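Right, one structure below, let's go through it.
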Amino acid sequence: MKPKEWISDLRVYEPGKPIEEVARELGFDDIAEIVKVASNENELGPSPLAVEAMQEAISEVHRYPDGGAFYLKRKLAKKLCVEPENLLFGCGSNELIVFLCHVFMEQGKNLIMGAEAFAVYFLANALYRGETVRVPMPGHVHDLDAMLEAITPETRLVAICNPNNPTGTMVSPEAIDRFIEKLPDHVVAVFDEAYFEVMPEAMKPDVLKHIRAGKENLIVLRTFSKAYGLAGLRIGYAVAHPELIRLLNKVRQPFNVSTVAQAAAIAALDDVTHIVETREMVSGGLDFFEEELPKLGVETVASGANFILVKTGNGRAVFQALQRRKVIVRPMDPYGLPDHIRITVGIPEQNRFMLEALKDVLS
């Protein structure tokens, strides 16, 4: 086989380990005893309304899905106060990142991102031979002024993850508005808001107001994987000017979002109770970890997402030791943070189990 040279050189994205894989590797018989807090999933599970909708939709899976997501698009447009033409759905927001790189990136062009930001932007960009410019993040926070300064005539995309994965840090709404005002017209700014629903209200930006006003070079990415608890269905969405949506549609495969995923998302939008309970779980869990983890002599990074970044020293070794204690976290060496692990906030019982296991490892 003779693949493209740059494909051979790509590294593979390292996802959080599935519970079943850890059980096989370590010889655990009961996977129910394993606490997985590695992949920023919603530990409350999916919305009950979504589960009911999925069960009803199963009988129609012999049909191809609605490629235009007609009903979901209109329901979400109403919720966000945008037009259906402002929306595009993907197989998770990851697919939408690939669409953006497919449309805009090529050899000789560059994408700007934070040095400690979501790795998929670099990986997707590499598929199209684009250059990735990584801007340092003082205090693990996106430096929007430095990102503006890094823009050149060859820049096509600037990615801002807010809150950022894996650091959990946020950029203020005021800073984002100033950034948008200064953004050159030839650059598309991607605001990745995967954790928007669980952010503190005071820190939630309103990028959509700029899109409603007709700004053409902005796009907001969100997902049903996190707060809505539908990670296994792979459904995310983009909000942008209709012209940008039209370009992305040109590279989208016709049936990229399943019938079951669309039905679940429509129902999940109605389940306000589930979102409120998720926010309360996340807020309570972050408070717990921010109070208890420093007692173990480790540093934490203030988070606006459903996870917390922890400086433990030799994160890979801590990750492996925790697995032997039936806890799965995420080591951060792939992000250039070898002394850190990332812990997803779970229900109180999981958080306490995680804390005791870490205490045992560190001692």
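The values are calculated or read from the model by the stated rules, or taken from the named source; none is laboratory data. Note that the structure is predicted; figures quoted are calculated from it, not measured. Positions of Cβ are generated from backbone atoms using ideal geometry, with glycine treated the same way; all protein chains shown enter the neighbour counts. Areas reflect the complete protein model, heavy atoms only, side chains present, ligands, DNA and RNA absent. Shrake-Rupley method; radii C 1.70, N 1.55, O 1.52, S 1.80 Å.
Of the GluC sites (Glu not before Pro) in region 13-122, which ones lie in a loop per DSSP and count no more than 15 other C-beta atoms within 10 Å?
Hits after loop and neighbour filter: E106.
Loop only per DSSP, at most 16 neighbouring Cβ atoms within 10 Å: give me the trypsin sites (Lys or Arg not before Pro) in region 85-165, ordered by residue number.
Passing sites in region 85-165 are R129.
Below 8 Å, C-alpha to C-alpha, sequence gap of six or more: please give me the relative contact order for the chain in percent.
About 23 percent, as a whole number.
Please list, in order, the residues from region 291-319 whose amide nitrogen is less than 11 Å from a point placed 7 Å along the Cα→Cβ vector of Y13.
Of the residues in region 291-319, none has backbone N under 11 Å from the label point off Y13.
In whole Å, what is the distance between the alpha-carbon centres of region 245-288 and region 96-136?
Region 245-288 and region 96-136 have Cα centres separated by 24 Å.
Under a plain spin-label model, where a point goes 7 Å from the Cα along Cα-to-Cβ, how far apart in nm are H62 and E20?
Computed distance between label sites H62 and E20 equals 2.7 nm.
In bins 5 Å wide, starting from 0, what share of all Cα pairs of region 38-156 does each bin hold, as a percent?
Binned Cα distances yield the sequence 2, 9, 12, 14, 15, 16, 13, 9, 6, 3, 0.
So for region 235-335, averaging the separation of alpha carbon pairs under 8 Å that are six or more residues apart and normalising by length, what relative contact order in percent results?
13 percent
Report the paramagnetic label zone for E277: residues of region 41-84 whose backbone N is under 17 Å from a point 7 Å from Cα along the Cα-to-Cβ axis.
41-54
I need to check one value: relative contact order of region 81-219, counting alpha carbon pairs closer than 8 Å and at least 6 residues apart, in percent.
Relative contact order comes out at 21 percent.
Before I look further, what does region 101-256 give for accessible area per residue, probe 1.4 Å, in whole square angstrom? The partial results should precede the final answer.
On the way: 5810 Å² over 156 residues.
Per-residue value: 37 Å².
Quick one: accessible area per residue over region 34-73, 1.4 Å probe, rounded to a whole number of Å²?
Ligands and nucleic acids excluded, the figure is 56 Å² per residue.
When the gyration tensor of the chain is built from Cα positions, what are the square roots of 5 times its three eigenvalues, in whole Å, from largest to smallest?
31, 26, 21
Please enumerate, by chain and number, the lysines with C-alpha under 30 Å from the C-alpha of K359, excluding those fewer than 8 residues away in the same chain.
Correct list for K359: K17, K36, K226, K295, K311, K326.
Full extension from K209 to D339: what is 0.36 nm times the residue separation minus their Cα-Cα distance, to one decimal in nm? Each step should come with its number before you reach the end.
Numbers: separation 130, 0.36 × 130 = 46.80 nm, distance 3.90 nm.
42.9 nm is the gain from fully extending K209 to D339.
Okay, helix-only estimate at 222 nm for the chain: each DSSP H run of n ≥ 4 adds -39500 (n - 2.57), divide by all residues, round to 500 deg cm²/dmol; what do you get?
Per the formula, -11000 deg cm²/dmol.
Which FRET efficiency, nearest 0.05, do R74 and F255 yield, Cβ-Cβ r, R0 25 Å?
Step by step, r from the Cβ atoms, then E = 0.85.
Taking a probe of 1.4 Å, how large is the accessible area per residue of region 276-319, in Å²?
On the way: 1860 Å² over 44 residues.
Value for region 276-319: 42 Å² per residue.
Tally up the carbon and sulfur contribution to the accessible surface of the chain as a whole percent, 1.4 Å probe, everything protein left in place.
Summing carbon and sulfur atoms, their accessible area is 53 percent of the total for the chain.
In whole Å, what is the distance between the alpha-carbon centres of region 3-30 and region 317-345?
14 Å
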